[in-house]
Amino acid sequence: MTGSGPSSQPQSVDAERKGRKVKIRKVDVTALDRPRSAAGRGAKKALTPAQRERQRQQRQLYKLMDQLTDNDTAFEVRLGRGEKPVTVRQRLLRAAADRGKEVAVRKAQTGNAFVVGLMTPERRSNRGRKRASRTS
């Protein structure tokens, strides 16, 4: 087939017709050397209400992790409407990792909540592969 239709033409020609071509111009070399200012990249955007809520929750979780100091301390974290248990559990574990703590997160017996405490050998899950016995 010989290309006589519009689809057989190179895309650059098609883009030129629609006014979408790359513009190249020569600039002073100092444009490369000067440091980029924050104003040049645009001002910092305001946070959305959802982002503000996530930050507030993150601060709460950090405060909770700071209060976990011994194995006898535990907290219940109740989920609000619209919060997904998987997401909240993930945020709990992330906050603990950020604070350098290993925590046990379990479903609470009552309602839509989690119980959080420091990890101990008794609280460690025994799911997964069994450890190989060392008999050599």
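Give the range 75-107 a look and list any residue that's of a type in the set (Val, Ile, Thr), part of a strand (DSSP E or B) and touching a residue at least 24 places away in the same chain (Cβ under 8 Å), or say none. Break it down into steps so the answer makes sense when it comes.
Applying the first criterion (of a type in the set (Val, Ile, Thr)) to the range 75-107 yields 77, 86-88, 103, 105.
Going one step further and asking which of them are part of a strand (DSSP E or B), we end up with 77, 103, 105.
Those that are of a type in the set (Val, Ile, Thr), part of a strand (DSSP E or B) and touching a residue at least 24 places away in the same chain (Cβ under 8 Å): 77, 103.
Kindly list, by first and then second residue, each pair from a residue in the range 108-124 that is in a loop (DSSP other than H, G, I, E, B) to a residue that is modelled with pLDDT of 90 or more and of a type in the set (D, E, K, R), limited to pairs with Cβ atoms under 6 Å and residues at least 6 apart or on different chains.
Final answer for the pair search is 108/76; 119/102.
Being buried (at least 16 other Cβ atoms within 10 Å of the Cβ) and closer than 25 Å to residue 126 by Cα is the requirement here; does residue 89 meet it? Even if it seems obvious, please write down each step before you answer.
Details: buried (at least 16 other Cβ atoms within 10 Å of the Cβ): yes; closer than 25 Å to residue 126 by Cα: yes.
Considered against the rule, which asks whether it is buried (at least 16 other Cβ atoms within 10 Å of the Cβ) and closer than 25 Å to residue 126 by Cα, residue 89 comes out as yes.
Looking only at the range 61-73, decide whether some residue is modelled with pLDDT under 95, part of a loop (DSSP other than H, G, I, E, B) and in contact with a helix residue (DSSP H, G or I) (Cβ under 6 Å, 6 or more places away or on another chain).
no
Could you say whether any residue in the range 2-16 is outside any loop (DSSP other than H, G, I, E, B), surrounded by 10 or more Cβ atoms within 10 Å (Cβ to Cβ) and either modelled with pLDDT of 75 or more or in contact with a Cys (Cβ under 6 Å, 6 or more places away or on another chain) (or both)?
No; the residues of the range 2-16 include none that is outside any loop (DSSP other than H, G, I, E, B), surrounded by 10 or more Cβ atoms within 10 Å (Cβ to Cβ) and either modelled with pLDDT of 75 or more or in contact with a Cys (Cβ under 6 Å, 6 or more places away or on another chain) (or both).
The values are calculated or read from the model by the stated rules, or taken from the named source; none is laboratory data. It should be emphasised that the depicted structure is a prediction, and the values quoted were computed from it without experimental measurement. Ideal geometry is used to build each Cβ from the backbone, glycine not excepted, and the neighbour counts take in all protein chains shown.
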